[in-house]
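Asks: The structure is given below, and queries will be raised subsequently.
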Amino acid sequence: IERAAEIGAAALANSYEDPRDRAGVSYPSELAVRVHAASEDSEKWGDLRRVSAGWAADPMWGYSNLDVRMKSEVDGTRMSDFAHNGWAARGQSPDEVLTKRVDRDRNGLPDRIITDESIDVGRYLGLPDEMQLIFAIAPFAIGAGYLTGRAGLMVLAGGILAYIVINPALFNLGWMPASVDAAGAAGWGYGNINRPLGIGLLLGGALMGVLASLPAIREAFKSIAAAGKARAGSGGRDELGLRVLVVAVLAALVLLFVAADFTGSGAINSADPITDQAIETGEYTVEVNGYTIAFAEQATLDAFNEAYAAELDSETEGEAHAILRSLSADKPGVLASMSPHLRAAIIAVVGALWIWFAGIIIAQCTGMTDWSPISGMALLTVVLVMLLGGPGGVLGAVLIGAALCVAITCAADMMADLKTGYLVGAVPRRQQIVELVATGIGPVITMGVLLVIVAVNQQKFGVPIGEGTDTVAPQAQALSAVITGVQGGEMPYALYGFGALLGALLGLGAFSGLGVLVGLSMYLPMIYISTYGIGCIINIIVRKVKGARFAEEWGVPLAAGFIVGDALLALSVNAIVLLRG
């Protein structure tokens, strides 16, 4: 099969007349095998030209067709010493090997400056490879920047600090792994430094925002209570009353308790840790470090208990501790000594408070920038719950993390809706009623779409989702990395703490949301921050040249149209893909 794929890939590469078209192109192994079959006359060539075979007709025109590339720069390496692709077709002599600075993918062609998604201005200007200055071709980012205006320059400043100053400094000081080259410094710094530091800044900045807003929060609760008591038609029923909020909070607490109690009271394993035999009954269990560990039969349970008691007496780790370590049950959580029901109740209360706090962070981010770091807050929730319940309680942590993700997504959506409603003169109470009624539709549609994707991937790749499919699920991989990090004790807690302290200090500055803005800039990729900054600068220029009234009456609707139009285009494309199977 590998030989057939190799022959087929070569045939596909030779089918391109222009070497620029075939350079760097990769093909699915299944398609390559079918090409080989067609070359042996066991399959028709025409049957391959369809999407299901992985080889569609000519692709649609994109920005990359402008063919704006880096300027050629040779390093004198002989071609015989270099693994190349498409060199002979371009007529390059053996001494005309391009440098890695202009040819990172090593396909014998200068890299494109303009792709279908971005413009790499930093490489065009000749900045060092460890510095990243890329602009996304994303109208929504320009629109969000324009709506934010001058305050959004703090986001741009934070991005410049992260990608132009901090990451290059860490690379040049040798504080990154030796395997990371200059071109990979930005990616490594984003995942290992910028993102955890940005989450910490968000937490610290939001905490200062809450403290600074306590009087306003108190008045808001009074306003909600007064609105609930006002009579219909009196002009005071602009918002839902406090009773609705109290009922919703109590219902959320009950649901969180049920979820935490259900996952925390059951066994953390589904197979016998000694014999790997599937567990069919919950009769043979033992409590260790706050976890319930199940066994398939009494004999294996007794063997574990004897080994564990002997190791406790001798203070040496043996087979029993190895079993606990394999289940991530060797490290107790903060609440491990409590009864499972009390532990679940505390986790539910802490989870509800954390959801409220995370909702404030998301609402601030959405209100100020139209961006919301939902995934980062959800991952941090998993860390918090695993610290309380223990690193072995993965199911409960993920379940509560999912609940938070849904809740703060609704908070971000509500913030955006109320802001839009204010601009068009809508009644908040009516918006809130529609939000409450329609909230349940989202999970149904989301799970339905996910099931369609899983079914297609299962049929096409034999894998439901993730690596090896078209849907690599990067957030799921990030969640897996966080869980593994907590279980191994390798989470960047110092960066979280330092970021929180820095965010709190920034919140003492010009305005309380400064820490949130800078944290958001550290959390997001530079490709969007820079484009967002363009929108901020356009707002400032328009206000300066045409005045504030023009900037509001003409600029705001246009910027909002950029955001909505971008989302509608993505939704339409995905709908077409789903409808076509």
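Asks: Counting only residues that are farther than 16 Å from Ala141 by Cβ and in contact (Cβ under 8 Å) with a residue 40 or more places away in the chain, how many does the range 561-579 have?
Replies: Total meeting the criteria: 1.
Asks: If you don't mind, another one. Any residue at all in the range 544-560 that is without any contact (Cβ under 8 Å) to a residue 40 or more places away in the chain, open to solvent by less than 50 Å² (accessible area, probe 1.4 Å) and either under 30 Å from Ile445 (Cβ atoms) or not polar (S, T, N, Q) (or both)?
Replies: yes
Asks: All but one of (1) farther than 30 Å from Phe140 by Cα; (2) free of Cβ contacts under 8 Å to residues at least 12 places away in the same chain hold for Pro332; state the number of the condition that does not hold.
Replies: Result: Pro332 passes all but (2).
Asks: For a quick check of your reading of the model, give me the residue pairs whose first member lies in the range 248-275 and is within 20 Å of Val385 (Cα to Cα), whose second is open to solvent by 50 Å² or more (accessible area, probe 1.4 Å) and in a loop (DSSP other than H, G, I, E, B), with beta-carbon atoms closer than 7 Å and at least 6 apart or on different chains.
Replies: Ala267/Gly282
Asks: In the range 105-140, what residues are surrounded by fewer than 18 Cβ atoms within 10 Å (Cβ to Cβ) and of a type in the set (Phe, Trp, Tyr)?
Replies: Matches in the range 105-140: Tyr124 only.
Asks: Something else now. Which one of the conditions (1) open to solvent by less than 20 Å² (accessible area, probe 1.4 Å); (2) modelled with pLDDT of 85 or more; (3) of a type in the set (A, V, I, L, M) does Leu161 fail to meet, given that it meets all the rest?
Replies: Of the numbered conditions (1) open to solvent by less than 20 Å² (accessible area, probe 1.4 Å); (2) modelled with pLDDT of 85 or more; (3) of a type in the set (A, V, I, L, M), the odd one out for Leu161 is (1).
Asks: Is there a residue being open to solvent by 40 Å² or more (accessible area, probe 1.4 Å), in a helix (DSSP H, G or I), more than 16 Å from Leu153 (Cα to Cα) and of a type in the set (D, E, K, R) anywhere in the range 570-581?
Replies: no
Asks: Also, quick follow-up: If I ask for residues that are touching a Leu at 6+ places or on another chain (Cβ under 9 Å) and more than 15 Å from Val406 (Cβ to Cβ), which ones from the range 368-383 would you list?
Replies: Met368, Thr369, Asp370, Trp371, Pro373, Gly376, Leu380
Asks: A follow-up question, please. Checking Leu312 against (1) in a helix (DSSP H, G or I); (2) open to solvent by less than 60 Å² (accessible area, probe 1.4 Å); (3) over 30 Å from Ile529 (Cβ atoms), only one condition comes out false. Which one?
Replies: Answer for Leu312: the failing condition is (2).
Asks: If we keep just the residues of the range 440-460 that are over 26 Å from Ala403 (Cβ atoms) and open to solvent by 70 Å² or more (accessible area, probe 1.4 Å), which is modelled with the lowest pLDDT?
Replies: Lys460
Asks: Would you mind finding the one in Ala426, Ala412 that is within 30 Å of Val334 (Cβ to Cβ), open to solvent by less than 50 Å² (accessible area, probe 1.4 Å) and either in contact with a helix residue (DSSP H, G or I) (Cβ under 6 Å, 6 or more places away or on another chain) or among the hydrophobic types (A, V, I, L, M, F, W, C) (or both)?
Replies: Result of the check over Ala426, Ala412: Ala412.
Asks: Of everything in the range 166-182, what is open to solvent by less than 40 Å² (accessible area, probe 1.4 Å) and in a helix (DSSP H, G or I)? Give them in sequence order.
Replies: Asn167, Pro168, Leu170, Ala182
Asks: Looking at the range 122-153 only, could you name the residues that are within 17 Å of Gly535 (Cα to Cα) and among the aliphatic types (A, V, I, L, M)?
Replies: Leu133, Ile134, Ala136, Ile137, Ala138, Ala141, Ile142, Ala144, Leu147, Ala151, Leu153
Asks: Which pairs turn up if I take residues in the range 99-110 that are closer than 10 Å to Glu73 by Cα and look for partners that are assigned to a loop (DSSP other than H, G, I, E, B) and open to solvent by 80 Å² or more (accessible area, probe 1.4 Å) with beta carbon separation below 6 Å, at least 6 apart in sequence or on another chain?
Replies: Listed pairs, sorted by first residue: Pro110/Ser72.
Asks: Which condition breaks for Ile193 when tested against (1) touching a Gly at 6+ places or on another chain (Cβ under 9 Å); (2) hydrophobic (A, V, I, L, M, F, W, C); (3) open to solvent by 30 Å² or more (accessible area, probe 1.4 Å); (4) at pLDDT 85 or above?
Replies: (1)
Asks: Taking the conditions exactly as written (under 25 Å from Met526 (Cβ atoms), buried (at least 22 other Cβ atoms within 10 Å of the Cβ) and out of contact with any Cys (no Cβ under 9 Å at 6 or more places or on another chain)), does Cys405 satisfy them or not?
Replies: no
The values are calculated or read from the model by the stated rules, or taken from the named source; none is laboratory data. The shown structure was predicted, so the numbers you read here are calculated from the model rather than taken from an experiment. Glycine also receives a Cβ, built like all others from the backbone with ideal geometry; neighbour counts cover every protein chain displayed. Just the protein is used for accessible areas: all its heavy atoms, side chains included, with ligands, DNA and RNA removed. Shrake-Rupley method; radii C 1.70, N 1.55, O 1.52, S 1.80 Å.
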